[in-house]
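J.: The structure is given below, and queries will be raised subsequently.
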Amino acid sequence: MLKVTVITQENSKEYWNTTFSDIWEGPVEISLQSDSKIIGETHLIKDADLVILEFSGNHENPHNILNAIAPSLVGKHFLIVSDTKDADTAIEGIKLGAIGFLVKPFKRSELISSLDRLNTAPRTNAVTRRTAKIIALTSYKGGTGVSTAAVNLSYSLANVYGKKTLIIDAAGFSNHVTVLLNVIPKCTIADICRQGANFDEEYLTNAVNTIGKNLSVIGGLMKTSDLSDINTQSLEKLLDIAGEVYDYIIVDTSTHLLDEITMLFIQKASEVLLLTTFDLLAIRDNRFFINTLKDIGVTEYKIKPVINRQNWYIGSLEPELIQKQISHPIFHSFPNDWELCVEASNYGRPLLEVAPNSTLATSFNILASKFTQSDVPQTQDAASVKEKELASEGTKSKKKGLLNWF
């Protein structure tokens, strides 16, 4: 019997049963599993003769899912199926040993040709080394809470979900990350660039500040002369080496502009969180910024708009209206708790440490869960935030004349 496990977000078992009955002689057992479940429970594909990764429908990040699932594919034959032509995913699949890449609707002969390799192709030797997910946080307009979000997302990943996390301050000379965490950086991105060919994992391990067990910090530029030492080759090497040491790399980038440093981190990121508020200028500027990122080649699914201070505005703008104005899906939204943010910054502590059960802290945990594919620690505030998110999704916003000029 041929045992096939289909990893998908769709209910496509009938489709695959029909497909295999038409081309495979003998019994076939097909099971469906979600990609998020496979990441955490690798035993679900242990007995499979063939694994099919189906990236069809509204699937935002096939490349990221493929790399996350890669360790589970060691010793397995696997096939990638998509309803769109995606060269990046196809190339990555080939590197990992896929027996084929099919685009729906594919021909019967194409699937037969791929399945013929079950008996001839070597089983995949998928890469098992740690590869960190890089998340860059940015905004075109200052004052939208980028540094605060970077710090608290990092803290949640490291302390709530137990992920080994590195936060890099690449936001010019502000060093807000180290201020909000109340730490003096042992090294900065300029120090790392000065190491050149001597930079390695040992240097990184000894040069970062550590906060608790899982959170490490690299500081930003300290003086104008640091700019002369910055080079993209060294920063790329930093990401490559740190990628094998950490689970997540969070980068706080500069606002307003796309300088060389910011561009590098955005291009290398697997996710770009774009912070905006209900401020009309922030909405307008970030709509321009989203289009600019797309124009310079940033893949659309990587761009994740996040609304900050959802209750802090004058008027009655709804998140749905912001989504319409920026012409891009909203990935997450934070409730407003200005006083808590001020208190946390005055103490130099993450707000998740100052008020771990607050609604805002819970919202950061929910954001982190979207990356870790883990359950959110359930508190009364967690349930409240979820209820508000569901209510927001069901709200029908009316057109606001003030935004028509956009």
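J.: Could you tell me the largest-minus-smallest coordinate of the C-alpha atoms of segment 199-301 on each of the three principal axes, in descending order and whole angstroms?
T.: Its Cα atoms span 45, 32, 25 Å along the three principal axes.
J.: What's the long-distance tail for segment 327-373, i.e. % of Cα pairs beyond 14 Å? The partial results should precede the final answer.
T.: Details: 582 of 1081 pairs.
Summing the P(r) of segment 327-373 above 14 Å gives 54 percent of all pairs.
J.: Hey, can you grab everything whose amide H is under 5 Å from the amide H of Asn209? Only 5+ residues off in sequence or another chain; H modelled, so Pro and N-termini drop out.
T.: Residues meeting the criterion, in which the H sits 1.01 Å from N, are Lys186, Cys187, Val217.
J.: Here's another thing I want to ask about it. Find out how many positive minus negative residues lie around Gly196, taking Lys and Arg as positive, Asp and Glu as negative, among other residues whose Cβ is under 10 Å from that of Gly196.
T.: Values: positive: Arg194, Lys237; negative: Asp229.
That sum, taken over residues with Cβ under 10 Å, equals +1.
J.: While we're looking at this one, here's another question. With θ taken as phi - 60° and the coefficients 6.51, -1.76 and 1.60, list the Karplus ³J(HN,Hα) couplings across segment 149-165 in order, rounded to whole Hz; mark glycine and proline as x.
T.: Result, ordered by residue: 5, 4, 5, 6, 5, 4, 4, 5, 4, 6, 9, 8, 9, x, 8, 6, 10 Hz.
J.: Using only protein heavy atoms and a 1.4 Å probe, report how much of Tyr248 is accessible, in Å² to the nearest 10.
T.: Solvent-accessible area, nearest 10 Å²: 20 Å².
J.: I need the calculated FRET efficiency for the pair Asn119 and Val245, taking r as the beta carbon distance and R₀ as 51 Å, to the nearest 0.05. Intermediate values should be presented prior to the final figure.
T.: On the way: r = 40 Å, r/R0 = 0.78.
Here the calculated transfer efficiency is 0.80.
J.: Then there's this: Kindly provide log₁₀ I(q)/I(0) values, in the same order as q = 0.17 Å⁻¹, from the Debye equation applied to equal alpha-carbon scatterers of segment 46-117.
T.: -0.59
J.: Based only on Cα atoms, what mean projected area does the convex hull of segment 245-295 have, in nm²?
T.: Working: hull surface 16.8 nm².
Computing the convex hull of the Cα atoms and averaging its projections yields 4.2 nm².
J.: Looking at segment 160-271 only, what percent of DSSP beta bridges run antiparallel? Nearest 5 please.
T.: Details: 3 of 14 bridges.
Beta bridges within segment 160-271, antiparallel portion: roughly 20 percent.
J.: Could you grab the Rg to Rh ratio for segment 66-222? Cα atoms only, Kirkwood for Rh.
T.: Values: Rg = 21.4 Å, Rh = 19.0 Å.
Radius of gyration over Kirkwood radius for segment 66-222 works out to 1.13.
J.: Hey, another quick one. Can you give me the long-range amide H partners of His77? Hydrogens built in the peptide plane at 1.01 Å from N, cutoff under 5 Å, separation of 5 or more residues or another chain.
T.: Placed amide hydrogens put Val51, Thr124 under 5 Å from His77.
J.: Further, regarding this structure: Could you compute the net charge surrounding Ala158? Neighbours are other residues with a C-beta less than 13 Å from the C-beta of Ala158; K and R count +1, D and E count -1.
T.: Values: positive: Lys163, Lys164, Lys213; negative: Asp247, Glu353.
Taking every other residue near Ala158 into account, the sum is +1.
J.: Modelled label-to-label distance, Asn291 and Ile91, 7 Å Cα→beta-carbon offset: nm?
T.: In this crude label model, Asn291 to Ile91 measures out at 2.9 nm.
J.: Can you classify segment 136-231 as rounded, prolate or oblate using the Cα gyration tensor, where a ≥ b ≥ c are the square roots of its eigenvalues, rounded means a/c under 1.5, and otherwise it's prolate if a/b beats b/c and oblate if not? Working shown, then result.
T.: Values: a/c = 2.05, a/b = 1.14, b/c = 1.81.
Oblate.
J.: I've got another one for you. If you rank Ile296, Ile192 by how much accessible surface each has, with a 1.4 Å probe, what is the order from largest down? Kindly include the intermediate steps, with their values, before the conclusion.
T.: Working: Ile296 70, Ile192 0 Å².
Of Ile296, Ile192, the descending order of accessible area is Ile296, Ile192.
J.: Which part of segment 187-231 falls in the paramagnetic zone of Phe173, meaning amide N under 13 Å from the point 7 Å along Cα-to-beta-carbon?
T.: The answer is 221-228.
J.: Bins of 10 Å, beginning at zero and ending with the bin holding the largest distance: percent of Cα pairs per bin for segment 176-237, please.
T.: Taking every Cα pair in segment 176-237, the percentages come to 22, 52, 25, 1.
J.: Name the long-range amide H neighbours of Glu29: under 5 Å, sequence gap of 5 or more, or other chain; modelled H, no Pro or chain starts.
T.: Here Leu2, Lys3, Val4 satisfy the definition.
J.: Something else now. Given R₀ = 51 Å, what would the calculated FRET efficiency be for Lys13 paired with Glu343, taking r from the Cβ atoms and rounding to 0.05? Provide the component values of the computation, followed by the final result.
T.: Working: r = 52 Å, r/R0 = 1.01.
Using R0 = 51 Å, I get an efficiency of 0.50.
J.: Next question. Give me the percent of Cα-Cα pairs in segment 166-208 that sit more than 11 Å apart, rounded to a whole number. Numbers along the way, then the final one.
T.: On the way: 622 of 903 pairs.
Above the 11 Å cut-off, segment 166-208 has 69 percent of its Cα pairs.
The values are calculated or read from the model by the stated rules, or taken from the named source; none is laboratory data. Here the structure is a predicted model, which is why all the values come from computation and not from measurement. With ideal geometry, Cβ positions are generated from the backbone for all residues, glycine too; neighbour counts draw on all protein chains shown. Protein only, heavy atoms only, side chains kept; ligands, DNA and RNA dropped before computing areas. Shrake-Rupley method; radii C 1.70, N 1.55, O 1.52, S 1.80 Å.
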